[in-house]
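Beneath this line is the structure, given in structure tokens, with notes to follow.
The values are calculated or read from the model by the stated rules, or taken from the named source; none is laboratory data. Keep in mind the model is a prediction, meaning the values are calculated, not measured. Don't worry about glycine lacking a Cβ; one is built from the backbone with ideal geometry, like all the others, and counts go over all protein chains shown. Accessible surface areas use protein heavy atoms only, side chains included; no ligands, DNA or RNA. Shrake-Rupley method; radii C 1.70, N 1.55, O 1.52, S 1.80 Å.
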2 protein chains.
Amino acid sequence: MWEASLYTKIAVSFVLCLLCSLPGQAQGVLSDPGFKLAEDFVGKDHDRFIREIIQITETPAPPFKEEKRARLFADLLKQSGLSDVEIDAEGNVIGLRKGTRNGPMIAIAAHLDTVFPEGTNVKVRRQGTRLFAPGVGDDSRALAVLLEIVRAMDAAKIQTASDILFVGNVGEEGEGDLRGMKYLFQKGPYKDRIKMFISLDPFGWGNDVTVGGIGSKRFKVVFRGPGGHSFGNFGLVSPAYALGDAIQKLSRMQVPSRPKTTFNVGVIGGGTSVNSIPFEAWMDVDIRSEMKEDLDKSVDTFIRLMHEAADEENRVRTTSQGRIDVEVKLIGDRPFGQVAMNSPIVQTAGAVIQSFGLNPNYGMSSTDSNIPLSMGIPAITLESGGTGGRNHTLDEWIDVEKTPSVRGIEIAMGILMSLAGMN
Amino acid sequence: MWEASLYTKIAVSFVLCLLCSLPGQAQGVLSDPGFKLAEDFVGKDHDRFIREIIQITETPAPPFKEEKRARLFADLLKQSGLSDVEIDAEGNVIGLRKGTRNGPMIAIAAHLDTVFPEGTNVKVRRQGTRLFAPGVGDDSRALAVLLEIVRAMDAAKIQTASDILFVGNVGEEGEGDLRGMKYLFQKGPYKDRIKMFISLDPFGWGNDVTVGGIGSKRFKVVFRGPGGHSFGNFGLVSPAYALGDAIQKLSRMQVPSRPKTTFNVGVIGGGTSVNSIPFEAWMDVDIRSEMKEDLDKSVDTFIRLMHEAADEENRVRTTSQGRIDVEVKLIGDRPFGQVAMNSPIVQTAGAVIQSFGLNPNYGMSSTDSNIPLSMGIPAITLESGGTGGRNHTLDEWIDVEKTPSVRGIEIAMGILMSLAGMN
């Protein structure tokens, strides 16, 4: 769920990075013959990589229903060479690749879940180097990158100092509320052991580095009223009109463009039949900001608007059978967090990206990294390579043209190897 | 789906009826010893009648899913004494009680369907003489009245001149769009043979007589847009905001109170996840009027408002990824129709109601009778007796206190016998 073309640049970070030198470890890894072998393997294996993207994409993974894709991904991880693979109690696929020198454990993850409900047509349509399907880039491509990295490391017989935990996690999107990450870091078998974290999410050249977790709050707003007959009870207050008014008020809410602050009405529902005044109408709302203060301010305004909408409906129509009530329930809360720009994980990522001839672009977003970041664990979110667009829509697509596609995989692999320490 | 407490009185009709004398046939029937025997039976059988209301109510019958209740009702009709019972191709239960002298066939119907979706709790809660459950009055009570009339006629060995067709029909509510009636009168085995029609819908003392079918049009309004990511694509046009604006505009639409004209947003939906800008948001709208001219005028205004909402959303937010389109699709069209006040069916109904010491109250509504009325077949809609309230809501209730409950059954039976001609 990376933030596409409107990705927020942190100007100061870019300047910092122009000054930073390529850390020695990264330089060493990228020129290592073993790493070169792994890069060669990725290039030659690209057709299989594309087939796996398609296979993963065509295995549906709606929110809270990721099991089928989890089982597939666990099998593919094993086929790619990992022997120690399991599905944890929350539904995350976790596979350990042991290191040789007890370096700090690094986890690298891509998320299994999509935003699309059960029944969505997830058949991939291919047109030249373009693949079209809901979820193909967000985050199927990244899952396939994890498989590719495992195979390339094995093919090149790479051994690392650190243990690497490969993760296909649940609950990144929507109401999943980062449940996969919360379990991994707070309850799962590797909690307290993961010392660095990389999330791949989603497609993109590979030079965007998310170094901060944007805070978000999600709400379910439910308007309730007496309901009634469309003709016989015409004139009674209606939760549908309260909802309409609430949406309209929210759509006009003023938010700052810097720090970027946003709102969204994501899902709407209510009512039982065309000829009944509904007794309930509801919506799910997402509010985000780069700054806690602005998030809190927008949330306050939003809650006030919801109550105003209920009050107004009670004013303009009859309450003889009952009033409109509104409930604003918090259904998601993604914590803020930031990793220091001079930390090894950010410095290493920047150095590797530069060595591939690209300029690192640091920003903030709301991703799986929010959880480790909020716990003080160094974490970044990287792109998975290639190009694409329209994620979170039925028109989602990626381009798997070989050069930018392979380069993205190599960048992710280079950052991971540099952090894990090659023997 | 009778129009509850806001039932429209046609003042002139009431005056007309004060002047009308009790037609001879009705007088004869009501004083017939056979009819008295049938009345006695209804009084003694009232506990079984209540048990059947509960049994019917607790058998769910969501729109387009009336099969289970249909099978139950067919069985109960047979147990009540009708041998010739079938379920037609549309799902209506039809049971014929043959007459002896080839009088004009009369059909009397109650509808099987409720407005409540699958999964609604339909367990009946009893509190003294009150029964609480969705659908208990609309139209379960009326279905039980049909059973009671069949049994009472048999118990009193009543033979009629006319064939009587007892009907438990589908598709009265919501998007059912009167499909049960359309089939019965235009395609089914008794089409062209039914010469008079009585609909029982729903509870009420028994003195309301619907003599005209209110026209209604139902629409599905769908707003479509490009969709996108809630944060990354913030600022794009959203079908959710267009819908909110459309609902708000509609909620302020001016309609005349006389002829009574109404609108309703009945069902709302759209969106796939809280953190995605929806690509679709929709609502089902019901518009009705006692006069065709006012219905047409309101429909025109409504359609204009929908397009204005789409245009406005395209104006205030970014259309770089695509515009908001709106589709306004007609999903229901209930024809107007009226039976003459001096027709035998209306005169007889009025006379019987008066003979029970009540003042007939003539009005218009949108019921199953709309179909025969639109075809020129004399039809009325009657109440099924007792009292109640809150139909089309989860708080629906009826009171089965014996006196008004039994009287309602007797009124319906008296009108039916008077029209069918007792031997």
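So here's what we get for this one:
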| read-out | value |
| --- | --- |
| Taking the range A:266-322 and dividing mean pair separation by its residue count, relative contact order in percent (alpha carbons under 8 Å, at least six apart) | 21 |
| Surface accessible to a 1.4 Å probe, residue A:138 within the full protein complex, Å² | 0 |
| Helix-only mean residue ellipticity at 222 nm for chain A, each DSSP H run of n ≥ 4 adding -39500 (n - 2.57), per residue, nearest 500 | -11000 deg cm²/dmol |
| Area buried, chain B against chain A - accessible surface, total, 1.4 angstrom probe, square angstrom | 5500 |
| Length-normalised contact order for chain A - Cα pairs under 8 Å, 6+ apart - percent | 26 |
| Across the identical copies, how the residue A:75 labels are spaced - nm, sorted shortest first, 7 Å along Cα→Cβ | 4.4 |
| Net +/- balance of residues flanking residue A:32 in space, Cβ distance below 15 Å, scoring K and R +1, D and E -1 | -1 |
| Inter-chain Cβ neighbour average for residues B:390-399, partner chain, 10 Å | 5 |
| Environment charge at residue B:327 (Cβ cut-off 11 Å; Lys +1, Arg +1, Asp -1, Glu -1) | +1 |
| Residue pairs, from the table A:217/A:297; A:187/A:217; B:98/B:191; A:68/A:191; B:98/B:187; B:260/B:297, whose Cα atoms sit over 19 Å apart | A:187/A:217; A:68/A:191; B:98/B:187 |
| Label-point separation, residue B:403 to residue A:340 (7 Å along Cα→Cβ), nm | 8.7 |
| The range B:117-145 versus the range A:281-324: alpha-carbon centroid distance in Å | 35 |
| Entries in A:292/B:249; B:123/B:402; A:249/B:292; A:157/A:402 that, when Cα-Cα distance is taken, lie over 27 Å | A:292/B:249; A:249/B:292 |
| Local electrostatic count at residue B:185 - Lys and Arg +1, Asp and Glu -1, tallied over other residues with Cβ under 15 Å | +1 |
| Shortest-first nm distances, residue B:32 label point to equivalent points in other copies (7 Å, Cα→Cβ) | 10.2 |
| Axial C-alpha extent at least 24 Å, average Kyte-Doolittle at least -1.0 - helices from chain A (DSSP) | A:292-316, A:402-420 |
